[in-house]
Amino acid sequence: MANANPFEFGPHTEQQWKSRLTATERALGPYIELLLPELRERILESGGNGGAMGDERELIIDELHRFRHFLARKPVKDKLQAERQTLFARLYDEMNSQQRNFEHLLSSSNLPTGRFLTEIAAKIYALRAQRSQVDKLQKAGVAFFEDLPNYERFEQTLKELSEQLIAAEQEQFDAWCRDMIAHIVDGGVNDGDSISLQTTGRLMVLERARGILTVSFSDRLARLLREVSQLQSMGFKVPVKILACVQQGERFYEYGVLLKQVAHFYNTIEKQMLPCQQAMLLDEALAFEQLVVPSSKSGGDRKQKTAVNLTWESPEKLKGYIERLREAALQLTSHNRSDKI
């Protein structure tokens, strides 16, 4: 075919082209014979040996898709007739049970989220990964299995499974939207897990009975920011009501993280100090505590700038206040470490 010009093909040259194609097929014969053992090992035998098909299915489908143009050649299909039938039967059974597999996947609470994926993003990612495999198998199947019995039924099964995966993906997103909007509307009253940030609420709440300082920035809101970011990157259009909540949370997220660090420091500083050090660190400890909780000497002074009096309404005041908090915490930590040396 090296000297053939494809633009010269026409009714008058059709026979010439057919003879050239036949010659090309004959020339490829030795190469096909060389490749057949490799194909049997990489694609066919792994799926037809009665082993754990589920563990190898993705690799097999990827290989079928990768070599689909070569596998579509009639000499290849003829020489692999028995292997094709065996592999087709196993893939056919596997696809018939695939619906049950992804339904179990969605109901599972142990999805591999990895280090960064949220639960909703992990579910959608898993559904898309399965749909990608189904789509690849559809393309490879046309080339490799179309002449086998039951192929039309197999193709219909793949089509239905692909449609079910698309519908399941949308349903997962819709269910997530309904759940988030319900949490935003009721303010977490029903389950105590508020998503909306109440900007008029205090930065921190001190449980005086236990001496525990808690930041009024919901962990669920922080998780929502990640969920929305990941869903948008996947192409989903997040409802306006959820976006409004997220935009508000993003304004204060950095401050929420810093305040949680301060609260952890306040709640654990006593354990970090040796008993013999406490008297030497009294001034720094008092300076830090006066920024966190109202002093008993302040009487009813509601304007005192402490964590339990300030609210989320003013980011500018928050920034200045957190800087003073961090400076006081740093002085206390530095003095504590130097005394231990």
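The values are calculated or read from the model by the stated rules, or taken from the named source; none is laboratory data. Computed from a prediction, not measured in an experiment: that's the story for all the values here. A quick note on method: Cβ atoms are made from the backbone with ideal geometry, for glycine too, and the neighbour counts reach across all protein chains shown.
A few remarks follow.
- Any chance V308 is surrounded by 13 or more Cβ atoms within 10 Å (Cβ to Cβ), modelled with pLDDT of 60 or more and either of a type in the set (V, I, T) or part of a helix (DSSP H, G or I) (or both): no
- Of all the residues in the stretch 210-239, those that are within 22 Å of the chain's Cα centre (by Cα) and either in a helix (DSSP H, G or I) or within 16 Å of H183 (Cα to Cα) (or both) number 18.
- Verdict on I124 being part of a helix (DSSP H, G or I), touching a residue at least 60 places away in the same chain (Cβ under 8 Å) and of a type in the set (A, V, I, L, M): yes
- Helices (runs of 4 or more DSSP H) fully within the stretch 1-112 that include at least 3 residues being modelled with pLDDT of 75 or more: 14-39, 53-66, 68-71, 74-79, 81-107.
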